[in-house]
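Scroll down for the structure; my scribbles are underneath it.
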Amino acid sequence: LTLSNPLGFPFFIHLGELEQRYYQGYCYRGVQLTQHELSEYSWALKHKESVLSLLTFSSTSIERHVAERFST
């Protein structure tokens with residue numbers, strides 16, 4: 001969570017109100033990352049207590065081939 005993000009804190013405070021929009025299952029996300037961003041992502045995967053926040057907009061899909069198109 002980045003404190004400079006004006007929407008981040010209010011979003012997390014009201015997260016429980018979004019319960020009807022929760023999705024549990026597999027989804028795919030296509031995104032372009034720099035090598036530095038990729039290394040931060042890899043670190044976060046190894047540290048389960050971490051919170052990862054990317055400042056880029058990304059879309060997701062339950063279909064992998066759709067998400068692969070997002071990255072180009």
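Please treat every number below as a calculation from the coordinates, not as lab data. These figures come from a predicted structure and were not determined experimentally. Cβ placement follows ideal geometry from the backbone for every residue including glycine, while neighbour counts extend to all protein chains displayed.
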In Hz, Karplus ³J(HN,Hα) per residue of segment 22-27 (6.51, -1.76, 1.60; θ = phi - 60°; x = Gly, Pro): 5, 10, 10, x, 8, 9
Net lengthening on full extension, LEU52/SER71 (0.36 nm per residue, minus Cα-Cα): 5.0 nm
Cα→Cβ-extended label distance, 7 Å offset, between HIS14 and SER42, nm: 3.8 nm
